[in-house]
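So the structure is just underneath, and the comments pick up after that.
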Amino acid sequence: MHLRKFILLFFTGSVLIAGCKKDKDSSSKPEECAQGRSVADGDIIDGQYIVAYDPGVGARGLSAKSLGDLGADVLQRNAIDEQSLQKTFAGEPGGFIATLTEEQARRLRLDASIQSVESDRVVALATCFTVAEPRLLTWNIKRVGYGNGIGKTAWIIDTGIDFDHPDLTVDVPRSKSFISGETSADDGNGHGTHVAGIIGGKNNNFGVLGVASGATLVSLRVLNDEGEGTLSGIIQALSYINANAKAGDVVNMSLGEEVNSPTLNQQVQYTASKGILISVAAGNDGEAANKYSPGNANGQNIYTVSAVDSLDHFASFSNFGNDVVDYAAPGVRILSTFSNGRYAYLSGTSMAAPHVAGLLLLRGRNLTVSGTAVNDPDGTPDPIAHF
């Protein structure tokens, strides 16, 4: 399997320092760049497929072993070697990842127990960042509000989190890597650590303050140090959350695909149905957000977030559309924690989503708003989330 680099979609704290877009609405000088998509983002991974069960099969709630047995049976009756099954994922609809030929994939699509068979794809980031000295209370945290997050848990699906950062409370035992051949969920990129600091930077005498200061942060690493990962890795991370999180916990997804993925969206919706709150970056393409997963995954407990700058101007890079976008939040020149104990400025809807994630930790579904985004391109200004 050959993975190529892709640029972090909705997150400017990504890994590849390339393909950045200028935010014309930003009040920063010089303007801060936000990650764009690389030419490889969304590329199909040859021979690797995500197979989702039909809901009538009753896969929901099955153990990993039972899911594996079910997958083996499906492969056997379609004359496909059981060794093709690589991994399973629980949830709704549930399914497995398999190595298949195009003909084998075609046969599985005709099986009555299978809802869909979609190609696995490359997912990746590209980060534009500026290392900086920390400031205890930044403009963006003042804008949305903040509170005590101790005792509350956020699950961050990203590049990992710096386990040793002094300004973060990381739950290392529950953290997990979903990258083939890499077992550590520590962050060698910086993007996930930046997201983590916006959510839960400690209330201490140094560094930066997070929206829900001191919150427990679980690192689910789906993108490696170069910002490379797979769609199937994100789906497996959601399956892990389904088995280990509780109602009232919050998930942050500052990442996405350049295409619509029905399986990914269904997994997000299933996780949300368990009472787990999910904040999703709208994307940095300057286009309609309803084109991209998981930003277009509508449903109760799912919140898609666009970006504004310090003057409440809609960020020119941010995706838009009131059919899927729920709130706007600061996403231009955001100072937060970074890899190797550092602090950095990043821009993108990747930075906007964790502001809402922090607010969800503090208020649950009872979010309030304060003002609206100026010059929202869809003509109906997104409400700006507030404590």
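The values are calculated or read from the model by the stated rules, or taken from the named source; none is laboratory data. Keep in mind it's a predicted model, so treat the numbers as computed, not measured. Note: ideal-geometry Cβ built from the backbone for every residue, glycine included; neighbour counts use all protein chains shown. With ligands, DNA and RNA removed, areas are computed over all heavy atoms of the protein, side chains included. Shrake-Rupley method; radii C 1.70, N 1.55, O 1.52, S 1.80 Å.
For residue 142 and residue 340, the difference between the fully extended length at 0.36 nm per residue and the C-alpha to C-alpha distance is 68.7 nm.
The magnitude of the dipole of the chain, with charges of +1 and -1 set on the Cβ of Lys/Arg and Asp/Glu and taken from the Cα centre, is near 900 debye. Altogether, the Stokes-Einstein calculation at 10 °C and 1.306 mPa s, with the Kirkwood radius of region 242-313 over Cα pairs as Rh, returns a diffusion coefficient of 125 µm²/s. Under the simplified labelling scheme, the residue 163-residue 77 pair shows an inter-label distance of 4.4 nm, with each label point 7 Å from Cα along Cα→Cβ. Projecting the Cα positions of 101, 175, 68 onto the charge dipole of region 57-175 (unit charges on Cβ atoms of Lys, Arg, Asp and Glu, taken about the Cα centre) puts 175 furthest along the positive direction.
Estimated translational diffusion coefficient (Stokes-Einstein, Kirkwood radius over Cα pairs, 25 °C, 0.890 mPa s) of region 171-316: 152 µm² per second. A Förster radius of 22 Å combined with the Cβ-Cβ distance from residue 298 to residue 365 puts the calculated FRET efficiency at roughly 0.90.
Taken along the Cα-to-beta-carbon direction at a fixed 7 Å, the label points for residue 150 and residue 372 span 4.0 nm.
Using r as the Cβ-Cβ distance of residue 106 and residue 322, and R0 as 41 Å, what FRET efficiency do you calculate, to the nearest 0.05? The computed FRET efficiency comes out at 0.60. Rounded to 0.05, the FRET efficiency of the residue 113 and residue 274 pair, given R0 = 22 Å and the Cβ-Cβ distance, is 0.35.
Start at zero, step by 10 Å, and the Cα-Cα distances of the chain spread as 6, 27, 35, 21, 8, 2, 0 percent across the bins. Taking all Cα pairs closer than 8 Å and separated by 6 or more residues, the relative contact order of the chain comes to 21 percent. Of 123, 131, the residue with the largest accessible area leads and the full order is 131, 123 (1.4 Å probe). For residue 270, neighbours were defined as the other residues whose beta-carbon sits under 13 Å from its Cβ, and their charges (Lys and Arg +1, Asp and Glu -1) total +1. Hydropathy first: keep DSSP H helices in the chain averaging at least -1.0 on Kyte-Doolittle, then drop any whose Cα extent along the axis falls short of 15 Å, and list what survives. Going by DSSP H runs, the hits are 64-77, 231-244, 262-273, 349-363. Of the cross-linked pairs 152/246; 142/291; 176/246; 87/176; 152/274; 152/202, those separated by over 21 Å at the C-alpha level are 142/291. Using a probe of 1.4 Å on the protein chains alone, the accessible area found for residue 109 is around 120 Å².
The figure for residue 209 is an accessible area of roughly 20 square angstrom, using a 1.4 Å probe on the protein chains alone. Ligands, DNA and RNA aside, residue 153 has an accessible area near 10 Å² when probed at 1.4 Å.
Its relative contact order, with pairs defined as Cα atoms under 8 Å and 6+ residues apart, puts region 132-247 at 35 percent. Sites listed here are trypsin sites (Lys or Arg not before Pro) in region 332-387 whose DSSP assignment is loop and whose Cβ has at most 13 other Cβ atoms within 10 Å: 365.
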